[in-house]
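Data first, discussion second: the structure below is written as structure tokens.
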């Protein structure tokens, strides 16, 4: 039954041009949320220092970091960084989110606030601290 509903929603969205996001509730059950959607994409870095003189820090992309977005209602969305620290959320409901990234053995980024706008990809760069 769920598969039929999900498939119908996707077909309906393709035929009508409707916007929706496939999301999971707090229990991990997937569902479809109608309304404006956007996405967040960017890169997660860690600051590396060179032992040579003069000291010039280099920003290195962090692969395998978990990027977490939390909206004002407490719903969370997450993704994992790829090669070079790049990430993209896919479609999520438009709105304001707190976003951070972390990876065991590397560190965590400070939390940033971003606004996801309908139909747009919001760019964000996150710098980890050790």
Checklist entry - Between residue 88 and residue 118, what is the label-to-label distance in nm when each label sits 7 Å out along the Cα-to-Cβ direction? => result 2.2
Next on the checklist: Need the full-extension length gain, residue 80 to residue 127, defined as separation in residues times 0.36 nm minus the C-alpha distance. One decimal, nm.
Outcome noted: 15.4 nm
Item to check | Relative contact order for the range 37-128, counting Cα pairs under 8 Å that sit 6 or more residues apart, in percent | outcome: 38
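Values quoted throughout were computed directly from the atomic coordinates according to the rules given, and no laboratory measurement underlies them. Just so it is clear, the structure is predicted and the values come from calculations on it, not from any experiment. Cβ sites come from the backbone with ideal geometry, for glycine too, and all protein chains shown count toward neighbours.
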